[in-house]
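Peer 1: Below is a structure I'd like to ask you about.
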Amino acid sequence: QHNSVLASAQQLMGGAGGRFSRSAEEASQWGEEQRAAFSAMIALGNFEFSTILGKRGAEAFKNEPQLYDEAAANPSQAMTLIWRVIRSRQAAGHRRVVVFSESTTQLKILQRYLADKGVGALFFYDDSLSSMARGKLVHDFLHCESGVLLLSSAGAIGLTLCPGCEVLFSVGSLPWNATTVDQAFGRVHRIGQTRPVEIVQFVARGGITAAK
């Protein structure tokens, strides 16, 4: 199904002759093609993380919350790999790991998947938290015995997650703006950090993330 979406988008853009400028007569059609291609690229990123998310789309998860549990119960290789690498870093002494994704839907799926995987306490940081709640969450994460902080783009700026954490994974759909990722990296690689920092970008080989 991933490849079908990809082929459809490629055919769409191939029909446009690969052009990024068109005549006035073609302008409205070009806008439609552009939107369709962009939607396809979002779907491709979702497929990399979860087949169910790729099939249904993020909006369906808002309307049918049970899809989160269904996706967690049928983990992709990406989700399994994230868990394995978290465990390996914790076993090496890095007890607290940050996992960043621009997609809160993907983070919520991962939260459910990791719940019984022995990675310690799970913390979820998004824009629904009040200022006081954000401060408490960061404090609790940096002082827990072991745990994982699932970080959305809401925490990619102005947040200090060190000392106490020196490992960050960037997973799921890669933001179109590279600055967003750099800002997320800066949560652990910043003034006040006392240990060497490791940052891992998970990339599906041959997928839309690799193209980005």
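The values are calculated or read from the model by the stated rules, or taken from the named source; none is laboratory data. Just so it is clear, the model here is predicted, and its values are computed rather than measured. Virtual Cβ from ideal backbone geometry, glycine too; neighbours counted across all protein chains shown. Protein only, heavy atoms only, side chains kept; ligands, DNA and RNA dropped before computing areas. Shrake-Rupley method; radii C 1.70, N 1.55, O 1.52, S 1.80 Å.
Peer 1: About the Cα centre, and with charges only on the beta carbon of Lys, Arg (+1) and Asp, Glu (-1), how big is the dipole of the range 41-184? Nearest 20 debye, please.
Peer 2: So the magnitude is around 280 debye.
Peer 1: Could you tell me which helices of the chain pass both thresholds, a Cα extent of 30 Å or more along their own axis and a mean Kyte-Doolittle hydropathy of at least -0.5, with helices taken as whole DSSP H runs?
Peer 2: Sorted by number, the helices that extend far enough and score high enough are 27-49.
Peer 1: List the residues of the range 102-119 whose backbone N lies under 18 Å from a point placed 7 Å from the Cα of Asn63 along the Cα-to-Cβ direction.
Peer 2: Within reach of a label on Asn63, which here means backbone N under 18 Å from a point 7 Å along Cα→Cβ, the range 102-119 contributes 105.
Peer 1: Could you calculate the contour length gain from Asp116 to Ala91, that is, 0.36 nm times the residue separation minus the distance between their Cα atoms, to one decimal place in nm?
Peer 2: That pair, Asp116 and Ala91, stretches by 7.3 nm at full extension.
Peer 1: Here's something else I'd like to know. With an 8 Å Cα cut-off and a minimum separation of 6 or more residues, compute the relative contact order for the chain in percent.
Peer 2: 20
Peer 1: Roll a 1.4 angstrom probe over the protein heavy atoms and tell me the percent of accessible area of the chain that is carbon or sulfur.
Peer 2: Using a 1.4 Å probe with all protein chains present, the chain comes out at 52 percent carbon and sulfur.
Peer 1: I need the calculated FRET efficiency for the pair Gln10 and Ile191, taking r as the beta carbon distance and R₀ as 45 Å, to the nearest 0.05.
Peer 2: According to the calculation, E is roughly 0.50.
Peer 1: Protein chains only, probe 1.4 Å: how do Asp127, Asp69 rank by accessible area, largest first?
Peer 2: Asp127, Asp69
Peer 1: Classify the range 64-138 as rounded, prolate or oblate, taking a ≥ b ≥ c as the square roots of the eigenvalues of its Cα gyration tensor: rounded when a/c is under 1.5, otherwise prolate if a/b is larger than b/c and oblate if not.
Peer 2: The shape class here is oblate.
Peer 1: Between Ala73 and Ala37, with labels modelled 7 Å along Cα→Cβ, what's the label distance in nm to one decimal, could you check?
Peer 2: Computed distance between label sites Ala73 and Ala37 equals 4.0 nm.
Peer 1: Work out from phi, with θ = phi - 60° and the Karplus expression 6.51 cos²θ - 1.76 cosθ + 1.60, the ³J(HN,Hα) of each residue of the range 189-201, listed in order in whole Hz, and give x for Gly and Pro.
Peer 2: Values, residue by residue: 9, 7, 4, x, 6, 10, 10, x, 9, 10, 10, 10, 9 Hz.
Peer 1: Still on this structure: How much length is gained if the chain between Thr51 and Glu145 is pulled fully straight, taking 0.36 nm per residue apart and subtracting their Cα-Cα distance, in nm to one decimal?
Peer 2: Taking Thr51 through Glu145 to full extension adds about 30.5 nm, to one decimal.
Peer 1: In percent, how large is the relative contact order of the range 122-190, given Cα pairs closer than 8 Å and 6 or more residues apart?
Peer 2: With pairs under 8 Å counted, the relative contact order is 34 percent.
Peer 1: With θ set to phi - 60°, apply the Karplus curve 6.51 cos²θ - 1.76 cosθ + 1.60 along the range 54-60 and write out the HN-Hα couplings as whole Hz, x wherever there is a Gly or Pro.
Peer 2: x, 5, 9, x, 5, 4, 5
Peer 1: If you don't mind, there's one more thing I want to ask. Specify the inter-centroid distance of the range 154-195 and the range 36-68, based on alpha-carbon positions, in whole Å.
Peer 2: Value for the Cα centre distance between the two parts: 25 Å.
Peer 1: With a probe of 1.4 Å, find how much accessible area the chain has per residue, and write the answer as a whole number in Å².
Peer 2: 52
Peer 1: Can you list the aspartates and glutamates whose alpha carbon is less than 17 Å from that of Lys108, not counting same-chain residues fewer than 8 positions off?
Peer 2: Within reach: Glu48, Glu59, Glu64, Asp69, Glu70, Asp116, Asp126, Asp127.
Peer 1: Here is a further query. What is the sum of charges around Val203, taking Lys and Arg as +1, Asp and Glu as -1, for the other residues whose C-beta is under 14 Å from the C-beta of Val203?
Peer 2: So the environment of Val203 carries a net charge of +1.
Peer 1: Give the shape of the chain as rounded, prolate or oblate, defined through the alpha-carbon gyration tensor: a ≥ b ≥ c are the square roots of its eigenvalues, a/c under 1.5 means rounded, and otherwise the shape is prolate if a/b is larger than b/c and oblate if not.
Peer 2: Prolate, because a/c is 1.5 or more and a/b exceeds b/c.
Peer 1: Only helical DSSP H runs with n ≥ 4 go in: add -39500 (n - 2.57) per run for the chain, normalise by residue count and round the 222 nm mean residue ellipticity to 500 deg cm²/dmol.
Peer 2: For the chain, the value works out to -15500 deg cm²/dmol.
Peer 1: Quick check: from the Cα gyration tensor, does the range 37-90 come out rounded (a/c under 1.5), prolate or oblate?
Peer 2: oblate
Peer 1: Return the long-range amide H neighbours of Phe169 (sequence gap of 5 or more, or a different chain), with a cut-off of under 5 Å between placed amide H atoms.
Peer 2: Val98, Val99, Phe100, Val200
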